[in-house]
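See structure below.
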Amino acid sequence: MLQKVNLAKILFLDIETVPEEENFDQLSTYKKELWAQKTAYQRGPEDSPEDFYKRAGIWAEFGKIVCISVGYFVIQKEERNFRIKTFFGDEKELLFEFKELLDKHFNLKTHLLCAHNGKEFDFPYIARRMIINGVSLPKSLNLFGKKPWEVQHIDTMNLWRFGDFKNYTSLKLLGEVLGIPSPKDDIDGSQVAQVFYKEKNINRIVNYCEKDVLTIAQVVLRFRNEPLLDSEEIVWPK
């Protein structure tokens, strides 16, 4: 049960992704054909592969990770803190840094990774991009041969489903209905690519990603019926 999990053993995370190239024309001819094939079932008759390319960031084969934000609890006696850190910059380098964190500090069977919709997006996306970039998989992302109960992942969207797999609830909506204070965001997920490529403002993306990590941790606290984090308990990156 979630109440029995040691909070200090959970690494909360969120990723932000963008298309691998800013413009569709920058892809090779063959990659354009593959993109058209990959998205044919989703595109409407009025959508060309080029028009649809703005959504390429959601596919690991056509996108890339621009930041991974993580958070973890430090609990000493009756005092708790939630510390947040973000890896950003060159994709291969940030993936190596993230893997190093997992290998050094979250490498036991008792450690867990937690994300919202992580099982369908964040966890497989990170694993695929690691393989593409030649980064060896950490144990917590290498699912080959593992039984379902051996997978060290928590997905807050799955927790909220309660077995109803027709249900999709965004993190923003879940935070609202659970009464979690929502800091004002100046961007949303649909704007990340524009902020990355046009504005070249990675800091705005990092701030957005870090706020999502905090919300995920707050959701888990609500599931455990524990007090939410207050501002004095949150340690933001300097």
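What follows is calculated from the coordinates using simple rules that are stated; it is not laboratory data. None of these values were measured; they are calculated from a predicted model. All Cβ positions, even for glycine, are placed from backbone atoms using ideal geometry, and neighbour counts span all protein chains on display.
Residues of the stretch 12-36 with amide nitrogen under 20 Å from the 7 Å Cα-to-Cβ point of Asp51?
Correct set: 19, 23-27, 32-36.
Hey, got a sec? Which GluC sites (Glu not before Pro) in the stretch 1-65 land in a DSSP loop and have at most 13 other Cβ atoms within 10 Å?
Working: sites: Glu16, Glu20, Glu21, Glu22, Glu33, Glu46, Glu50, Glu61; in loops: Glu20, Glu21, Glu22, Glu46, Glu61.
Sparse-neighbourhood loop GluC sites (Glu not before Pro): Glu46, Glu61.
Points 7 angstrom from Cα along the Cβ direction at Asn6 and Trp149: gap in nanometres?
In this crude label model, Asn6 to Trp149 measures out at 2.1 nm.
Go ahead and estimate [θ] at 222 nm for the chain from helices alone: -39,500 (n - 2.57) per DSSP H run with n ≥ 4, summed, over the residue count, rounded to 500.
-9500 deg cm²/dmol
Taking neighbour Cβ counts within 10 Å as the exposure measure, how do Met157, Met1 sort from fewest upward?
Ordered from fewest to most neighbouring Cβ atoms within 10 Å, Met157, Met1 come out as Met1, Met157.
Tell me the Rg and the Dmax, in Å, that the Cα atoms of the stretch 101-215 produce.
In order Rg, Dmax, the Cα atoms of the stretch 101-215 give 16.1, 44 Å.
Going by C-beta contacts inside 10 Å, put Phe12, Phe88 in order with the fewest on the left.
Exposure proxy ranking, most exposed first: Phe88, Phe12.
Over the Cα atoms of the stretch 54-166, compute the convex hull volume and normalise it per residue, giving Å³.
144 Å³
What are the semi-axes of the equivalent ellipsoid for the stretch 92-148, taken as the square roots of 5 times the Cα gyration tensor eigenvalues, largest first, in whole Å?
Values: eigenvalues 54, 41, 26 Å².
Square roots of five times the eigenvalues give 16, 14, 11 Å.
Sum up the lysine pairs in the stretch 114-187 that clear both bars: alpha-carbon distance under 26 Å and a spacing of 8 or more or different chains.
9
What distance in nm separates the two pseudo spin-label positions at Ser28 and His105, each 7 Å out from Cα along the beta-carbon direction?
Calculated label separation equals 3.9 nm.
Tell me the relative contact order for the chain as a rounded percent, counting alpha carbon contacts under 8 Å between residues six or more apart. Show your work: numbers first, answer last.
Details: 329 pairs, mean separation 62.5, N = 238.
Taking the mean separation of contacting Cα pairs over the length of the chain, I get 26 percent.
Taking 2.2 N^0.38 Å as the expected size of a compact globular protein, what ratio does the Cα radius of gyration of the chain give against it, to two decimals?
Computed over Cα atoms of the chain, the ratio equals 1.04.
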